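Student: Have a look at this one.
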Amino acid sequence: MLKYLAVVSSLLIFVEAIQRWHTSQIMLTKLYDVQNDHFNVLDNYANLETKRLEELKNYVAAVYEWRDNIKTKKQFLHDHMDVFKVMTQMLQHYFQIDDLIKNKKSLEAFKDIDEHKDLSGEHIVLLAHRALRRLQLFYAIPASDMSAACECCVMAKYCLEGNDPYGVLDWAVEAYGKWESEGRPECVDPDILNYYIVSSSVYTGFNFMNLIILSGPNYQEYTEKFERYYRLMKNELFELEKESTTDIMEVYEYSIGHGIANDFRNLCKHGVSRTLTKYSKCRYQTNNLFYRILMPFKEEDINSEPLIKIYHDVLYDDEILKIKTLALEKMKDAKVKSVDGKNYLLEEKTRSGQVYWIFEVDAVEYFDALNTRIESFTGFSTKTAERYQIVNYGLGGHYIPHHDSFAKGAENVKFGNRLVTVLFYLTDVQNDGYTSFPMLNIIAPAEKGAALVWNNLHMSNGQKFYETLHGSCPLLKGNKWIMTRWLYEEGQHLPYNWKNK
């Protein structure tokens, strides 16, 4: 019981075994809700225990008083009926005290959280570690700018468990420096830091003797051991390298190539100001709809070929609230298609976030007006469009550059390919959370209420626009909510027959 209470009372320890907790806003909200439920149970338990102990104290006092009263009657043992009554009363006292000691009523309180007894706080911290490490590597952020001594030590630990020796050195050395400057907090064990630094230094080839002023009872032992057995460990260390945690940039480079991966990172890191040319303009657009004369669309040209536009203020606050409320309890881990296209897999290094696809019955109730709006500013029908997809990205949330259109042969048999993407931003994310087009050197900021629209296919023949390769930059702060609608070839007035393409 004490062991369980210690687990339950930890602030970050509550995780349902069947859930994969993320740093997205929705999942953190759920985590706090679960934590709050558990604290309420603990509060109830504490009240019941206080009441039980008070009852036990009062009952024992009453028993002592009864016992002392019996002892004053010197003849009570000479009457058999009196002895029987005393024995019966003592047995009742025993059962009552035993019941109060076993605290059955208090233990009943834990039934409310017994379904979560397989809790493991490690998983939460591990996911947070991966998100922070991804951000650090992608944006080249020094460890000194990210955490205090205690958190640096935790980061070093998970880097070690993930066979990331360079990360271990970065975070462990930083932890040591901050441990010294922050008054040597107890959350950091310098002896463990010594072990982290020495072991990872041997692996990386750095001169660990010069990294920091190491000390501690086991430092000399660690140093001599690793120096003595390095040759024997060398082969095993290289085997570990094969299993090491893949650098986020390696994932990008493997998927889209080295040059484009660097372009994507630079765009996310530094951004690019959009320069208007004679082909790129801002305008009020009515699309020849008379009712739009009083409320025209605010249309901004981003690119001409492929066509990319931003429509500002096309989604309203009350609609955004409805959309978030609709998705709030139904978000699931974002998945990506497997290489063979047959399965959808959880690949955090490729995509990290929460997703919900809106069912048609909900779409009819909430989004008829929005469908009309989409048809108005795009000029395309939504009758054959894919369901709305809502996505929430939290700390480190990202999606590597990809195409929305399907590969040749993988098109939808009934509706063809994704002709146009309409991406709504449901939140503002200041100087962060861009949608980046690395082949076009274009970024679009996350602006609440705006819609980013682009053509995935050539309108003349339906061939893929490879330049529409785009990704969601890893999120450094805040939360990014988006909603996407893909318009298919079927049902559109096109100069080609997509079925014969």
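Student: Can you tell me how much longer the chain between D37 and D313 gets when fully stretched, taken as 0.36 nm per residue apart minus their C-alpha distance, in nm with one decimal?
Tutor: Full extension from D37 to D313 adds 95.5 nm.
Student: At a Förster radius of 30 Å, what calculated FRET efficiency corresponds to the Cβ-Cβ distance of S381 and H258, to the nearest 0.05?
Tutor: It comes to 0.15.
Student: Given a Förster radius of 35 Å and the C-beta distance between N441 and V413 as r, what FRET efficiency does 1/(1 + (r/R0)^6) yield to the nearest 0.05?
Tutor: Calculated value: 0.45.
Student: Can you list the residues of the range 317-336 with backbone N under 16 Å from a point 7 Å past the Cα of T29, pointing along Cα to Cβ?
Tutor: Under 16 Å, as judged by backbone N against the label point of T29, lie 317-333 of the range 317-336.
Student: Quick one: net charge around E375, please, counting Lys, Arg +1 and Asp, Glu -1 for every other residue with C-beta under 13 Å from its C-beta.
Tutor: In short, +3.
Student: When Lys and Arg each count +1 and Asp and Glu each count -1, what net charge do the other residues less than 10 Å away from L326, Cβ to Cβ, add up to?
Tutor: Result for the local shell: 0.
Student: Output the relative contact order of the range 135-197, whole-number percent, from Cα pairs under 8 angstrom with separation of 6+ residues.
Tutor: Relative contact order comes out at 35 percent.
Student: Determine the dipole magnitude for the range 355-501: charges of +1 sit on the beta-carbon of Lys and Arg, -1 on that of Asp and Glu, nothing else is charged, the reference point is the Cα centre, and the result goes in debye to the nearest 20.
Tutor: Here the size comes out at about 320 debye.
Student: Take the Cβ-Cβ distance between L294 and A140 as r, set R0 to 51 Å, and report the resulting FRET efficiency rounded to the nearest 0.05.
Tutor: The computed FRET efficiency comes out at 0.55.
Student: While we're here: Looking at this model, which pairs from K324/K408; K335/K408; K309/K349; K335/K480 are more than 25 angstrom apart at the alpha-carbon?
Tutor: Table pairs above 25 Å Cα-Cα are K324/K408; K309/K349.
Student: Right, here's the next one. Between N431 and R67, what length in nm is gained on full extension when 0.36 nm per residue of separation is reduced by their alpha carbon distance?
Tutor: So the extension gain works out to 123.3 nm.
Student: Further question: For the range 360-376, take each phi angle, set θ = phi - 60°, evaluate the Karplus expression 6.51 cos²θ - 1.76 cosθ + 1.60, and give the result in whole Hz per residue in order, putting x for glycine and proline.
Tutor: These are the phi-based 3J(HN,Hα) values: 4, 4, 6, 5, 5, 5, 9, 10, 4, 5, 5, 4, 4, 5, 4, 4, 5 Hz.
Each value in this text was obtained by applying a stated rule to the coordinates, not by laboratory testing. All values reported here derive from a predicted model rather than from experimental measurement. Glycine also receives a Cβ, built like all others from the backbone with ideal geometry; neighbour counts cover every protein chain displayed.
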